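Here the structure is laid out as structure tokens; the discussion comes afterwards.
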Amino acid sequence: MARYTGPSCKLCRREGKKLYLKGDRCLTDKCAVSRRATVPGQHGAGRKTVKEYGMQLREKQTARRYYGVQEKQFKKYYVAADKKEGISGENLLSILETRFDNVVYRMGMASSRKEARQLVRHGHFTLNGKKADIPSILVRVGDVIALKEKSRASEKMKGLMEAMADITAPKWLELDKEAVSAKVVAVPARDDIDFEFNEQLIIELYSK
């Protein structure tokens, strides 16, 4: 499966905003966007006029990179969102929020979505009591995501479990910090997404 293996900070600089791809590092002075807020490349510091298409493209790329989704899969999410009742842009963000790796991140069991994807692939979590190691699984209302019992003994997981104690989960997730699990109690609403997106630009781009 194709995946980006280059520097994460380069993606943030390209979009001109923090995408929080490296967890806590993004909150420190080491953040590349804070230290060098220019587009990567030889001519990155030059001023460029961004046209309508450019704005739409950048918004789409921002959403893709924020959630760690490749283009082909992202377009599938758009098609599914467009077929659902309601506002297509909000439907798209709701679908992205319900990815298995994003739920693990929202639980506080990873410092970034990249780390959450790695933990899921390594089989540390279950979905409704069954093995689940595919980050792109879309959870539904009523699903329960939990850390495997045998995974709790590792020092890595102990540290993440301690960090989870300070996490405030979004309203659509019901956390059980003692059981290290979360139950999906609602479909993610637009207000539950704490990153600034202009999802209408994404819909306009794909609607052409």
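Quick note: the coordinates plus some simple rules give every number you see, no bench work behind them. The shown structure was predicted, so the numbers you read here are calculated from the model rather than taken from an experiment. Heads up, the Cβs are rebuilt from the backbone with ideal geometry, glycines too, and the neighbour counts pull from every protein chain shown.
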Go through 97-107, 143-153 and give me the packing order, highest mean Cβ count within 10 Å leading. 97-107, 143-153
Extension gain from Gln200 to Glu71, taking 0.36 nm per residue of separation minus the Cα-Cα distance: 44.7 nm
Sequence neighbours fewer than 8 away in the same chain don't count; with that in mind, list the aspartates and glutamates whose C-alpha is under 13 Å from Lys60. Glu15, Glu52, Glu71, Glu196, Glu199, Glu204
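For the pairs Lys131/Lys183; Lys51/Lys208; Lys75/Lys171, note any where the Cα-Cα span goes beyond 18 Å.
Flagged as over cut-off: Lys75/Lys171.
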Hey, what D do you get for the range 98-155 in µm²/s if you plug the Kirkwood alpha-carbon radius into Stokes-Einstein at 37 °C and 0.692 mPa s? 295 µm²/s
For the range 80-114 and the range 155-199, what is the separation of their Cα centres, given in Å? 12 Å
Order the peptides 121-128, 79-86 from the highest to the lowest mean number of other Cβ atoms within 10 Å of their residues. 121-128, 79-86
